[in-house]
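To start, the structure under review is shown below, and the notes come after it.
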Amino acid sequence: MPVPTDSGLPMRALLAGARRKQPALVNLIQQLVHVESPSDDKSAVDACVALAAAHAKALGGRVKLHRQRGFGELLEARFGSKNKAGSAKPALLLGHLDTVWPLGTLKTMPCRIADGRLWGPGTLDMKAGVAMAFTAIEMLTESGAINREIILLLNSDEEVGSPVSRPITERLAAECAAVFVLEPAQGLAYKTARKGTGNWRIDIQGTAAHAGVDFEKGASALRELAHVVETVSGWTDLKRGLTVSVGLAGGGTKTNVIPAEAWAEVDVRIARKSDGARIERKFVALNAMDKRCTLAVTGGINRPPMERTRGTVGLYRQARDLAAELGFALGEASTGGASDGNFTSALGIPTLDGMGAVGDGAHARHESIVIEHLAPRTALLAGMLAG
């Protein structure tokens, strides 16, 4: 017997509906991709937000734009009845419309269908996930199966660390019983854990001198940098899921000058929230080995880790059971990358991530999604919203 969702909808019926809507779903993804939206171009992101807002209104959504000065607007759309006393708390669908690709990328990386895939900048990360959310909401609306309020939040600054959207994400998530993140799948799996992220910059000031005439009067910032790189790299603890990586570094002016300045930029990933405070203390306590040099250390943890909690695992198991009824096995995965789901999970709200498209090449020239997975995963998303 087909397993119904809590709304009474059989999952096979949702799958049939998703297959009927797949051409329109693919078309919507293409529309979103063709409106290029790099994070650092407000007008470009706003154009993509306007397209999404118009689609939300056409589906009956109550749309609110959170105006921004330096970034694109944030789109909040609510569907279904407003939360009433004693009714189920809303569900939050969380995504973003900004991409890493500069304007003009479509000229050399066109949006096209070939080899069973839809190719183009932003297809996987994550305009397909946004279109899947709209399609799932449309299916439930037509079936009269929205039995709780659904809040869709599409941010404009996720790819650059969510500097303006984080408080809005956290405030809306606090209203909700669960958060479903529309980021790409991990292979075919949903994500139940993500590492947290941190970024630091270390600037070193030494003393310049002639490398031949006054060598002993110089204090090499580059030599101090070498000590710093070794020190912070030694804080990596793979067993704890903690990595410290110096990704950029530089300094000096001429080969015959003792370098007076040097710098490094450091990426940190943490699997446990407790490691965030510990690694921040280590950076604060960092001192120069050569006392003639000074260190200026800036930065911190940007996103807390999304830890594998009981609530998130409960959501995953619900999704796994619904996926089985749809005829496919849904895996569970963790990843070293972060998303806006890190913020909501850290608040203690059950958060399931990776609920968007299946594909390859996020942030790469071969970015693409696999079309055959769109309908089953959209049906699954609808089932989770209905449940």
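Contact map, segment 160-177: first residue in the same structural domain as residue 64 (by TED's automatic domain parsing) and touching a residue at least 60 places away in the same chain (Cβ under 8 Å), second residue in a helix (DSSP H, G or I) and hydrophobic (A, V, I, L, M, F, W, C), Cβ cut-off under 6 Å, separation 6 or more or different chains; pairs are 166/343; 169/343; 170/343.
Could you pull out the residue among 94, 59, 65, 51 that is more than 21 Å from residue 143 (Cβ to Cβ), of a type outside the set (Lys, Arg) and touching a residue at least 40 places away in the same chain (Cβ under 8 Å)? Going through 94, 59, 65, 51 in turn, the sole match is 94.
Determine whether residue 238 is within 30 Å of residue 373 (Cβ to Cβ) and not small (Gly, Ala, Ser).
No; evaluated as a whole, the condition is false for this residue.
Checking each residue in segment 297-312 for being of a type in the set (Val, Ile, Thr) and surrounded by 16 or more Cβ atoms within 10 Å (Cβ to Cβ) picks out 297, 301, 309, 312. Could you tell me whether any residue of segment 184-202 is crowded, with 17+ Cβ neighbours inside 10 Å, touching a His at 6+ places or on another chain (Cβ under 9 Å), closer than 20 Å to residue 53 by Cβ and aliphatic (A, V, I, L, M)? No, because not a single residue in segment 184-202 is crowded, with 17+ Cβ neighbours inside 10 Å, touching a His at 6+ places or on another chain (Cβ under 9 Å), closer than 20 Å to residue 53 by Cβ and aliphatic (A, V, I, L, M).
Conditions (1) surrounded by 14 or more Cβ atoms within 10 Å (Cβ to Cβ); (2) outside the structural domain of residue 338 (by TED's automatic domain parsing); (3) under 30 Å from the mean Cα position of the chain (by Cα), marked per residue:
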site	(1), (2), (3)
208	yes, yes, no
254	no, yes, no
260	yes, yes, no
273	yes, yes, yes
279	yes, yes, yes
291	no, yes, no
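Here residue 249 fulfils each of the conditions (1) surrounded by 16 or more Cβ atoms within 10 Å (Cβ to Cβ); (2) within 20 Å of the chain's Cα centre (by Cα); (3) closer than 19 Å to residue 297 by Cβ apart from (2).
Just one of the listed residues (369, 349, 301) is under 19 Å from the mean Cα position of the chain (by Cα), in a loop (DSSP other than H, G, I, E, B) and not aromatic (Phe, Trp, Tyr), namely 349.
Could you tell me whether any residue of segment 336-348 is more than 25 Å from residue 280 (Cβ to Cβ) and touching a residue at least 24 places away in the same chain (Cβ under 8 Å)? No: segment 336-348 contains no residue that is more than 25 Å from residue 280 (Cβ to Cβ) and touching a residue at least 24 places away in the same chain (Cβ under 8 Å). Given the structure, is residue 322 modelled with pLDDT of 95 or more, surrounded by 15 or more Cβ atoms within 10 Å (Cβ to Cβ), in contact with a Gly (Cβ under 6 Å, 6 or more places away or on another chain) and more than 24 Å from residue 201 (Cβ to Cβ)? Taking the combined requirement at face value, the residue satisfies it. Name the residue that is surrounded by the most Cβ atoms within 10 Å (Cβ to Cβ), counting only residues in segment 153-172 that are assigned to a helix (DSSP H, G or I) and of a type in the set (A, V, I, L, M). Checked segment 153-172; the qualifying residue surrounded by the most Cβ atoms within 10 Å (Cβ to Cβ) is 172. Screening the candidates 114, 145 for the property of being in the same structural domain as residue 23 (by TED's automatic domain parsing) and without any contact (Cβ under 8 Å) to a residue 60 or more places away in the chain yields one hit, 114.
Return the residues of segment 181-196 that are under 12 Å from the mean Cα position of the chain (by Cα), assigned to a strand (DSSP E or B) and among the hydrophobic types (A, V, I, L, M, F, W, C); say none if nothing qualifies. Answer for segment 181-196, where residues must be under 12 Å from the mean Cα position of the chain (by Cα), assigned to a strand (DSSP E or B) and among the hydrophobic types (A, V, I, L, M, F, W, C): just 181. All of 225, 242 fail the test of being under 35 Å from the mean Cα position of the chain (by Cα), farther than 19 Å from residue 336 by Cα, buried (at least 19 other Cβ atoms within 10 Å of the Cβ) and not hydroxyl-bearing (Ser, Thr, Tyr), apart from 225.
Could you go through segment 15-23 and let me know if any residue there is modelled with pLDDT of 95 or more, more than 26 Å from residue 104 (Cα to Cα), in the same structural domain as residue 375 (by TED's automatic domain parsing) and within 21 Å of the chain's Cα centre (by Cα). Checked against the condition, which is being modelled with pLDDT of 95 or more, more than 26 Å from residue 104 (Cα to Cα), in the same structural domain as residue 375 (by TED's automatic domain parsing) and within 21 Å of the chain's Cα centre (by Cα), segment 15-23 yields no hits at all.
The values are calculated or read from the model by the stated rules, or taken from the named source; none is laboratory data. A quick note: this is a predicted structure, and the numbers were derived from the prediction, not measured. A quick note on method: Cβ atoms are made from the backbone with ideal geometry, for glycine too, and the neighbour counts reach across all protein chains shown.
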